[in-house]
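Each remark here refers to the structure printed beneath this line.
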Amino acid sequence: MLNFQFSIFNFQFSILAKRGCMGLLATLALAVGLGGIGQAYDEVEVPDGGTITGQVKYVGPAQTLAPLKVTKDPDLCGKEAPSETLLISANGEVRYAVVFLEGISQGKKIDRTKETWLTQEKCHFGPHVFTMVKGTDLSVKNADPFLHNANMAVNGIQMFNFGQPKKDQVIIKRVRKTGLVEVTCDSHPHMEGHFMVFDHPYHAVTGPEGTFTLDQIPPGKYTVKLWHESWKVKGQDEDGRPIYEQSVVLNQEIEVPTKGMVRVNFELK
Amino acid sequence: MFEKRKAQGMALILISALLLIGWGGLDWAASEMGGWPEGSINPLHHPSQEAVQELIQRTGLKEINLDRARELLVERYREEGQVLYQLNCRPCHGVGGKGDGPMSQAFRPGPVDLTAPETLARIKEPTVFERLAGGAMGASTGVSPSDAVLHVWEKELGKEGIWKVLLALEELAHPGASKEGQGGEGKVPATREARAAGKDVYAKRCRFCHGPEGKGDGPVADYLNPRPRDFTRGLFKFRTTGSGELPTDEDLFQTISQGVSGTSMPAWKGLLTERERWEVIQYLKSFALAFSDPDSDPYQAVVPMSHPIPSTPDSLAKGKEIFQMMECWQCHGKGGKGNGANAATLKDEWEFPILPANLTKGWQYKGGHNAQEIYLRFTTGLNGTPMPSYADSLTVEERWHLVNYVTSLIRPERGEERVLRPKRVEGSLPLDPNDPRWQQAPALNIPLGGQAFVRPRWQNPSVDQVEMRALDNGQEIGFRLEWDDRFKDVLPAEGEGKEDGLLDGTYARPLASKGKKPKALHDAVALQFPVMVGRGKERPPFFRGDPRRPVNLWIWRADRQEDLQRGLSIEEVNQAGPDSPLSPQPPASQSVRGKGVWEDGTWKVVLLRSHKTGESDLDVQFEPGGTIPLALNVWDGSNGEAGLMMSISSWAEIKLGIRD
């Protein structure tokens, strides 16, 4: 049977929470969960692999978070931006949660041809949440006619910070670290995005219906993890934008059968 | 006439000579060698039986013998003395006592170099104690006592605190304590021995600011803005490596050796041997995990360096265009004064507020301002800050054009000139600060530092220089004061950072130490003159005078100019010492006129008054041919400055023309 386990990371790092994001250093510990530290991933044939599929649902009264105040470039970006921190469908399905296998050391081949894009358009990072594989390229585009800077911190430590002043300029960076990356723009403090970098291919972001699928998994026992940036407001920054609690991380222990399928659902509450 | 001029010239030479002597000229030098601690009268060398017993009780060291316990106690006093020194004395005298603290540039004469052979090494211990306890104001000979800055510390530290500081300074009283110039054998390999040696250097020199575990949380950290670096995240601003990469050992060596301009990080070149600097690098790299990760090898990430392009008009024009296109002004402002639209909201990676550099002040370029250094900043970005890399947006050649343009924004370094000479003009004096006649008067740049005399002392002043010009039409004298200020602050709120226990130390802590932006108050400036000037009149202590020698202040306040309902925008007041109340003059005596304008990160304020007021008991009188001391106080509201938290200057002088 499925074994539900709540473990909201709550580390004793004394750090001020990032604008509307989680405490950065807490993600250091999460990095271990991503299988990124001291462990290599071997790509092998997986002829008898199984599949994990499931859905993430929100339990409790539906809610829509207040829009974020925009303080610069209102002509193009408006005065408010809708919050993407908690997106729930009418049926309670949660978008933008990351589901991944913890610490998997061998499995299917990594598709290195897949392109990963992050676009800054109308002062918005899109997509709001995505995943990618270490050693592949991230293409960052500025579709706006003014300066953005994509300031990225992996596990709380700045990884890249580049200015992107020209419209339609694309900057391509090879990502060489694993972990949770927070993306901000110092020119537009309301902008934020998140992505996770893995050294294996077993990760997915939930779509509008809250669903995800991980396939071609070598049979065996695994820990499936869910990450969500958290929507629980614990304060406000000086411009009145919400500051959220640390990320929500959930675990489930499962067994993937040979050529079979296992269903894993998560509940956020 | 000739006689008079000659006499004035002589007086000037004499004054200049006295200024040159500086504090070193104070009557400190004793006839015999100090030589303490041998023969030291410091009572803390001989702790009482009770104190030793108490230590044994407190620490539970029952087995310890009394002599050892006594030694431990003295060590403990010395440690406390070191912290007291770093908290209270370092802002002027510097981390290592060389008289090179972050505020040392502001005052004339500058703070004494405690490591020089003619200071602590030659002065008897009781004399040093007296000076610290009672201050150097009113010292008997040497420079004019009014120019000495050392203040009365007994009130703050008590006798015991002062003895603790002296215990900590004993090393400096030994001739030859300075290690300048030693070493030079080059980089030290990363051995266990090097790390251990580096750890000792760190414990002796670095931990007071950077903390025992490298977290940037030493006892001094909360008093500094910007804060000392937290080494644990491996984020370093000044590198030859790409954005987000670690620094090379050579990068760290460069930063440690030359210090970080405009901050409390001193140049360690004269304080640590070359070998010690390399050793401490091996130790501080142990604070961040990344340094032991072979994937993060900084030497793989070094950016290529090329040759500068000559700064021709063509290159400058291209650089200017690039400055526009790259939108450098979004943070640094159109004129480069660090006042762009983003300036108010920027935060560093620790979520502390951070301000974009004022590119016109070369002495505030944290990573240095030679062409290569500026080139590296665009290329690599400043890790841990919002300053991004433009390596993907600019070609190498474009970056060099931008270097040339940015360099052209740098104004001349602050000079030593201390005399303001008004330009004689005909007709009424211009009230408008932008009137072109002001530009025809010679400029005097007056350096300022934090107010370090009475609580709340302040070591994070925003305004470090004011440019003054003066015009004189024979009846009236006019001054124009111009200084850089990123934000126009016109809120009336009074407040001296009184929240959150920021004032419980001898110095006030900046609100930034709590990750908060100070509430914007209002900007203001005060011109200060002695009430009485003239032959035989000793000038007052430069910070607000004393009961015997009161001062006359002309205070201009931005909030009141914005809304005259709030009171006089320019007010003449008197004060007789910083501890005494400010006494505004009666309405009938208010005769200074003026106006301030703020444009693109610059305040310009004009103050005009007739030479004579008929109230020589309250007002300075401008006699033709006279030399009149003048000092400044400046407040930057958005830096949390109000009341006694402000920038101050020591005395400069106005040399008035002789009536024709």
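Summary table
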{"item": "Spin-label pair residue B:341/residue B:321, simplified geometry with 7 Å Cα→Cβ offset, distance in nm", "result": "2.4 nm"}
{"item": "Charge tally in the Cβ shell below 11 Å around residue B:526, where Lys, Arg are +1 and Asp, Glu are -1, residue B:526 excluded", "result": "0"}
{"item": "Spin-label pair residue B:600/residue B:187, simplified geometry with 7 Å Cα→Cβ offset, distance in nm", "result": "4.4 nm"}
{"item": "Centre separation in Å (Cα based) which lies between the range A:96-119 and the range B:345-386", "result": "36 Å"}
{"item": "Local electrostatic count, residue B:248, Cβ distance below 12 Å [Lys/Arg +1, Asp/Glu -1]", "result": "-2"}
{"item": "Taking A:77, B:92 and counting other C-beta atoms within 10 Å, the order from fewest to most", "result": "A:77, B:92"}
{"item": "Relative exposure of B:248, A:258, judged by other C-beta atoms within 10 Å (fewest first)", "result": "A:258, B:248"}
{"item": "FRET efficiency, residue B:118 to residue B:174 (Cβ-Cβ, R0 22 Å, nearest 0.05)", "result": "0.95"}
{"item": "Dipole magnitude of the protein assembly as shown about its Cα centre (Cβ charges: Lys, Arg +1; Asp, Glu -1), debye to nearest 20", "result": "840 debye"}
{"item": "Check: the range B:530-612 dipole with +1 on Lys, Arg Cβ and -1 on Asp, Glu Cβ, in debye", "result": "520 debye"}
{"item": "Chain A: most fluctuating residue of A:162, A:198, A:100 per GNM, C-alpha cutoff 10 Å", "result": "A:162"}
{"item": "Lys, Arg +1 and Asp, Glu -1 on Cβ, resulting dipole of the range A:160-215 about Cα centre, debye, nearest 20", "result": "380 debye"}
{"item": "Over 30 Å between alpha carbons, listed pairs A:225/B:516; B:519/B:612; A:79/B:237; B:269/B:320; A:114/B:320; A:114/A:167", "result": "A:225/B:516; B:519/B:612; A:79/B:237; B:269/B:320; A:114/B:320"}
{"item": "Positive-end residue, the range B:313-409 charge dipole about Cα centroid, Cβ charges, pick of B:381, B:365, B:346", "result": "B:365"}
{"item": "Inter-label distance, nm, simple model (7 Å from Cα along the C-beta direction), residue A:168/residue B:568", "result": "6.3 nm"}
{"item": "Within chain A, helix-based [θ] at 222 nm, where runs of 4 or more DSSP H residues each add -39,500 (n - 2.57), nearest 500", "result": "-1000 deg cm²/dmol"}
{"item": "Centroid-to-centroid separation of the range A:207-230 and the range B:208-228 [C-alpha atoms, Å]", "result": "43 Å"}
{"item": "Extension gain from residue B:257 to residue B:67, taking 0.36 nm per residue of separation minus the Cα-Cα distance", "result": "64.4 nm"}
{"item": "Kyte-Doolittle mean at least 0.0 and Cα axial length at least 24 Å: DSSP H helices in chain B", "result": "B:2-21"}
{"item": "Structure-based [θ]222 nm, chain B - -39500 (n - 2.57) summed over DSSP H runs of at least 4, per residue, nearest 500", "result": "-7500 deg cm²/dmol"}
{"item": "Per-residue Cβ neighbour rank within 10 angstrom, fewest leading, A:170, A:56", "result": "A:170, A:56"}
{"item": "Unsatisfied cross-links (Cα-Cα over 23 Å) in the set B:285/B:366; B:337/B:517; A:122/A:269; B:98/B:124", "result": "A:122/A:269"}
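Every read-out reported here was derived from the displayed coordinates using simple, explicitly stated rules and does not represent laboratory data. If you're wondering where the values come from, they're calculated on a predicted model, not measured in any experiment. Cβ atoms come from the backbone with ideal geometry, glycine included; neighbour counts cover every protein chain shown.
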